[in-house]
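The values are calculated or read from the model by the stated rules, or taken from the named source; none is laboratory data. Everything numeric in this text was worked out from a predicted model, so none of it was measured. When we count neighbours, we look across all protein chains shown, and the Cβ atoms used for this are built from the backbone with ideal geometry, even at glycine. Note: accessible area is taken over every heavy atom of the protein model, side chains too, but ligands, DNA and RNA are not part of it. Shrake-Rupley method; radii C 1.70, N 1.55, O 1.52, S 1.80 Å.
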Amino acid sequence: MSGPNTNHDPVPVAALDPEAIEQAVQDALDACAGATDLAGLKSIRHSHQGDKSPLALANREIGGLPPGEKAEAGKRVGQARGRVAQAFKARQAELEAERDERILVEETLDLTVGTPHHRLGARHPISLVTERIEDIFVGMGWEIAEGPEIESEWLTFDALNIGKDHPARGEQDTFFVEPQDGGVILRTHTSPVQIRTMLERTPPIYVLCPGKVFRTDDLDATHTPVFHQFEGLVVDEGITMAHLRGALDTFVQGLFGEGIITRLRPNYFPFTEPSAEIDCRCWVCQGEDARCRTCGGTGWIELGGSGMVNRRVLASAGVDPDRYTGFAFGLGIERSLMLRHGVADMHDIIEGDVRFSSAFGMEI
Ligand code: FA5
């Protein structure tokens, strides 16, 4: 027979006293309610739910009770611990909601608040129109050639058949680099790149030479002392004025629009023979408005100079003039821009006001 179960602690345990348990629960609930943030809640949670908390201690004492008392004590302690756990869980949820709310407020972005406006720069229309012109000729298979802005007098004048007594060589047109008789100047046109190209390459030559040039002109509505030109040069066997005309027509149609044609008027340049002034059909009135403001009613707009490369120029650049012929032309980029976009005053182009450049956008 088995004897009576004496394996329990007969001494009543204070921790299991209902009032003590209720007090422990109340203490836990008060502490819980008093926690103002999640960190505070975490630190008090240990005192009321941890291994050494009054309720954990009471729970451990249940094992020592007489069997008949265990169930009730277990129920009491279990319910007490449940209430405390429930309170902590609820408070935790409240504090988390408060934290999330606070973060949402603190990190809210007001998308309507004005920001400091940093005005973006703009590419200068001279750069844009230069690229556009380059694209037209590169599209025909030509190459881009360049030369220095500080140039020798020989390449700028002598090699181009511009004699010592030519007015263009005078002080009223040319910026000289000191000493004045040192033979170095700021190039007055892009034509010396013709000579450089012929000296460096052998025909066939198909090049476009855009660049900055300098003349002692005063700044006014149509002139500037620093401006841009682009020079075209073709040297090959059998080249005629018809090829010049075809290249110019393709160019003006690319820049000014379909159907625009050119006209060549006799002129004189020492480096071309024969020489011609290039006009193009007015793209505004097509020659049909005697009061057109773009062409002055003439139906034609003057673009620049051109001609067949003078035999003497071919020879001075080492090209056999009996085998090769060529054509050249030179146009002002500022004037092309003024014509294409109706810019009335050169000042607008050279003053660098970003509002002027912005009006052209990034594409011409
Ligand atoms: C020449 O400079 C020749 N080298 C062009 C040439 C090349 C002819 C090849 C034949 C063969 P001209 O001096 O006319 O030519 O100048 C050409 C263009 O430059 C003019 O049509 C004009 O558009 C522009 N230009 C001349 N002076 C100024 C200036 N001060 N400001 C702005 N553009 C100018």
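Considering Gly170, Gly147, which residue is touching a Lys or Arg at 6+ places or on another chain (Cβ under 6 Å), open to solvent by less than 30 Å² (accessible area, probe 1.4 Å) and more than 16 Å from Phe269 (Cβ to Cβ)? Outline the logic, then answer.
Details: Gly170 fails: touching a Lys or Arg at 6+ places or on another chain (Cβ under 6 Å).
So the residue among Gly170, Gly147 that is touching a Lys or Arg at 6+ places or on another chain (Cβ under 6 Å), open to solvent by less than 30 Å² (accessible area, probe 1.4 Å) and more than 16 Å from Phe269 (Cβ to Cβ) is Gly147.
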For residues that are open to solvent by 100 Å² or more (accessible area, probe 1.4 Å) and assigned by TED's automatic domain parsing to the domain that holds Met338, tally how many sit in the range 110-142. 1
Across the range 333-348, what is the number of residues that are touching a helix residue (DSSP H, G or I) at 6+ places or on another chain (Cβ under 7 Å) and either buried (at least 21 other Cβ atoms within 10 Å of the Cβ) or aromatic (Phe, Trp, Tyr) (or both)? 4
Taking the range 193-226 as the search range and keeping residues that are surrounded by 20 or more Cβ atoms within 10 Å (Cβ to Cβ) and within 11 Å of the ligand (Cβ to nearest atom), which one is farthest from Asp320 (Cα to Cα)? Phe214
If we scan the range 314-332, do we find a residue that is within 16 Å of the ligand (Cβ to nearest atom), open to solvent by 40 Å² or more (accessible area, probe 1.4 Å) and outside any loop (DSSP other than H, G, I, E, B)? yes
Filter result (without any contact (Cβ under 8 Å) to a residue 40 or more places away in the chain and either within 16 Å of the ligand (Cβ to nearest atom) or not assigned by TED's automatic domain parsing to the domain that holds Gly232 (or both)) within the range 271-289: Glu273, Pro274, Ser275, Ala276, Glu277, Asp279, Cys280
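Applying the selection to the range 159-198, what residues are in a loop (DSSP other than H, G, I, E, B) and of a type in the set (Lys, Arg)? Give the derivation first.
Of the residues in the range 159-198, the ones in a loop (DSSP other than H, G, I, E, B) are 161-166, 170-175, 177-179, 183, 187-191.
Result: Lys164, Arg187.
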Condition (residue is modelled with pLDDT of 95 or more and within 10 Å of the ligand (Cβ to nearest atom)) applied to the range 233-246: is it met by at least one residue? yes
Residue within the range 147-168 that is among the basic types (Lys, Arg), within 14 Å of the ligand (Cβ to nearest atom), farther than 30 Å from Leu255 by Cα and without any contact (Cβ under 8 Å) to a residue 40 or more places away in the chain present: no
Can you name the residue in the range 290-313 that is within 40 Å of the chain's Cα centre (by Cα), open to solvent by 20 Å² or more (accessible area, probe 1.4 Å) and free of Cβ contacts under 8 Å to residues at least 40 places away in the same chain and, of all such residues, is nearest to the ligand (Cβ to nearest atom)? Glu302
How do the pairs read when you match residues in the range 213-235 that are touching a residue at least 24 places away in the same chain (Cβ under 8 Å) and of a type in the set (Phe, Trp, Tyr) with residues anywhere that are within 7 Å of the ligand (Cβ to nearest atom) and assigned to a strand (DSSP E or B), using Cβ under 7 Å and keeping only pairs 6 or more apart or on different chains? Phe227/Gly332; Phe230/Leu331
